[in-house]
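Okay, so here's the structure we're looking at.
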């Protein structure tokens, strides 16, 4: 059997500092009820200035390695999806690889905004299936509090910090990570962006909402087609946790019943590239996601960039592999 790439471990980490909707009421023209009605968000986590994003990512990676039964030295490649690293240069990945003790593994940052984790996961699967890499860590890590205008009601209520990671490795999997669908459209880059000088997120929320739902639905349908599956085969649907309305709209358009849709945006908020792996870990912790489940993943972010993929969760390696 041809070796494929499969997810074998997952971990996550969140900052301790909690910012509730009530906290935002103190300096924004908003209310807890309005935020929940518009976004589904009740609270979010922010770094407090003492813990770095590298610290948070390292905690998530150690958790993932333990879950997979691997050591850091087993890792050949580290891919970190982020656009809020601790330094402009060098990237977060080389420092993370060293902190973990990966013994000189290849390490690179990927910036695909909120779709970054899917791009990283697809890239790691391609490296593994080509035989160039045996085992990789794929990390989504963001500190969006660094680039959020605290006085902009349209963004301050949405964005948060967090990190999560998966171990991806070669094995005789029947399905593993099916072919991903990755797309872009630079014509709409001015609808969600952060300029180098200002370094703050700016967003046209209604337009982003419309594009996000349409693109994630299209990509998920194509990913299912490439995997020779139908919507009925999905055990769990996890889309980028931008806000609850986008999650609900995408699920309705796809025809995925509510009980198969997982969301944690209420307590995590929008963590960009960390969103999907955080949701995966929390879904597993809460019993929604189990080994062998078919999970559909979809994300959309500034650029625009978006994508979708089908993963058989922690699939068992066939005997004799």
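What strands (runs of 3 or more DSSP E) lie completely within segment 226-313 and have 3 or more residues being surrounded by 17 or more Cβ atoms within 10 Å (Cβ to Cβ) and modelled with pLDDT under 95?
Strands (runs of 3 or more DSSP E) meeting the threshold: none at all.
Which pairs have Cβ atoms under 7 Å, sit 6 or more apart or on different chains, and link a residue in segment 36-56 that is not assigned by TED's automatic domain parsing to the domain that holds residue 138 to one that is modelled with pLDDT under 95 and not in a loop (DSSP other than H, G, I, E, B)?
none
What's the number of the only condition in (1) farther than 23 Å from residue 121 by Cα; (2) modelled with pLDDT of 95 or more; (3) more than 18 Å from the chain's Cα centre (by Cα); (4) part of a helix (DSSP H, G or I) that residue 222 fails to meet?
(1)
Could you tell me how many of the residues in segment 108-121 are buried (at least 23 other Cβ atoms within 10 Å of the Cβ) and either part of a helix (DSSP H, G or I) or more than 14 Å from the chain's Cα centre (by Cα) (or both)?
9
In the set 127, 92, 100, which member is under 30 Å from residue 23 (Cβ atoms), in contact (Cβ under 8 Å) with a residue 12 or more places away in the chain and over 14 Å from the mean Cα position of the chain (by Cα)?
92
In segment 74-107, how many are surrounded by fewer than 17 Cβ atoms within 10 Å (Cβ to Cβ) and touching a helix residue (DSSP H, G or I) at 6+ places or on another chain (Cβ under 9 Å)?
Number of matching residues: 5.
Does residue 207 fit the bill of being modelled with pLDDT of 95 or more and either within 18 Å of the chain's Cα centre (by Cα) or part of a helix (DSSP H, G or I) (or both)?
Taking the combined requirement at face value, the residue does not satisfy it.
Restricting to segment 35-53, name every residue that is surrounded by fewer than 19 Cβ atoms within 10 Å (Cβ to Cβ) and closer than 9 Å to residue 157 by Cβ.
If the condition is that a residue be surrounded by fewer than 19 Cβ atoms within 10 Å (Cβ to Cβ) and closer than 9 Å to residue 157 by Cβ, then 38 is the only one that fits.
The values are calculated or read from the model by the stated rules, or taken from the named source; none is laboratory data. This is a predicted model, so every value here is computed, not measured. Using ideal geometry, Cβ is built from the backbone for each residue, glycine included, and neighbour counts are taken over all protein chains shown.
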